[in-house]
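Participant: Sharing a structure with you now.
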Amino acid sequence: MPTLYIDADACPVREESVKIALRHGVPVAIVSNGGIRPVNHPLVRMVYVDQGADAADKWIAEACLPGDCVVTVDMPLAARCI
């Protein structure tokens, strides 16, 4: 099943993305280096990466597979995921 990856450090529509994914039963991974309020739902996984430049981006780029969806405003991350 596809997964929705949210770059929480660079996503102005995080809450909206989670709502839509849950409505359709899609697993969600919210990736950040901290400071994000956790979502308590069995389909949502909170991933906290180390502090540092682009740590969340690196994690998402390595984890996403063909068919997954990544929500970000970070153009270099989007290019890596494609």
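The values are calculated or read from the model by the stated rules, or taken from the named source; none is laboratory data. None of these values were measured; they are calculated from a predicted model. Because the Cβ atoms are built from the backbone with ideal geometry, glycine has one as well, and the counts that use them run over all protein chains shown. Accessible surface areas use protein heavy atoms only, side chains included; no ligands, DNA or RNA. Shrake-Rupley method; radii C 1.70, N 1.55, O 1.52, S 1.80 Å.
Participant: Among Val18, Val47, Ile30, whose Cα lies farthest out toward the positive end of the dipole of the chain, if unit charges sit on the beta carbon of Lys, Arg (+1) and Asp, Glu (-1)?
Facilitator: The residue sitting most towards the positive pole is Val18.
Participant: Over the chain, with every protein chain in place, what whole percent of the accessible area is carbon and sulfur at 1.4 Å, could you tell me?
Facilitator: Result for the chain: 56 percent of the exposed heavy-atom area is carbon or sulfur.
Participant: Which whole-Hz couplings ³J(HN,Hα) result when phi for each residue of the range 19-30 is put into the Karplus expression 6.51 cos²θ - 1.76 cosθ + 1.60, θ = phi - 60°, listed in order with x for Gly and Pro?
Facilitator: Once θ is set to phi - 60°, the couplings for the range 19-30 become 4, 5, 4, 5, 4, 9, x, 9, x, 10, 10, 9 Hz.
Participant: List the residues whose amide H sits under 5 Å from the amide H of Val49, counting only those 5 or more places along or on another chain, with H placed 1.01 Å from N in the peptide plane.
Facilitator: Residues meeting the amide H criterion: Ser32, Asn33, Gly34.
Participant: Here is a follow-up. Using only the Cα atoms of the chain, what semi-axes does the equivalent ellipsoid have when each is the square root of 5 times a gyration tensor eigenvalue? Give whole Å, largest first.
Facilitator: Rounded to whole Å, the semi-axes are 18, 15, 11.
Participant: Same structure, new question: Where both partners of a DSSP beta bridge lie in the chain, what percent of those bridges are antiparallel, to the nearest 5?
Facilitator: Roughly 0 percent of the beta bridges in the chain run antiparallel, per DSSP.
Participant: For every helix of n ≥ 4 consecutive DSSP H residues, a contribution of -39,500 (n - 2.57) applies; sum these over the chain, divide by its total residues, and give [θ] at 222 nm rounded to the nearest 500 deg cm²/dmol.
Facilitator: Computed mean residue ellipticity for the chain: -9000 deg cm²/dmol.
Participant: Continuing with the same structure: Which value, in Å³ per residue, describes the convex hull spanned by the Cα atoms of the range 39-82?
Facilitator: In the range 39-82, the Cα hull volume divided by residue count equals 93 Å³.
Participant: On average, how much accessible surface per residue is there in the range 4-82, in Å², for a 1.4 Å probe, leaving out ligands, DNA and RNA?
Facilitator: 62
Participant: Subtracting the Cα-Cα distance from 0.36 nm times the residue separation, let me have the gained length for Lys19 to Ala63 in nm, one decimal.
Facilitator: Result for the pair: 13.7 nm of gain on full extension.
Participant: Over the chain, what is the relative contact order in whole percent, taking alpha-carbon pairs under 8 Å and six or more residues apart?
Facilitator: 38
Participant: Go ahead and run the numbers for FRET between Arg80 and Met1, Cβ-Cβ distance against an R0 of 30 Å, rounding to 0.05.
Facilitator: Taking R0 as 30 Å, the efficiency between Arg80 and Met1 is 0.85.
Participant: Given a Förster distance of 25 Å, report the FRET efficiency between Leu43 and Ala10 from their Cβ-Cβ distance, rounded to the nearest 0.05.
Facilitator: So the FRET efficiency works out to roughly 0.70.
Participant: Still on this structure, I have one more. For the range 56-64, in order, what is each residue's ³J(HN,Hα) by Karplus, 6.51 cos²θ - 1.76 cosθ + 1.60 with θ = phi - 60°, in whole Hz (x at glycine and Pro)?
Facilitator: Working through the residues one at a time gives 5, 4, 4, 4, 5, 4, 7, 8, 6 Hz.
Participant: What size of dipole, in debye to the nearest 20, comes out for the chain about its Cα centre when the only charges are +1 on Lys and Arg C-beta atoms and -1 on Asp and Glu C-beta atoms?
Facilitator: Roughly 320 debye for the chain.
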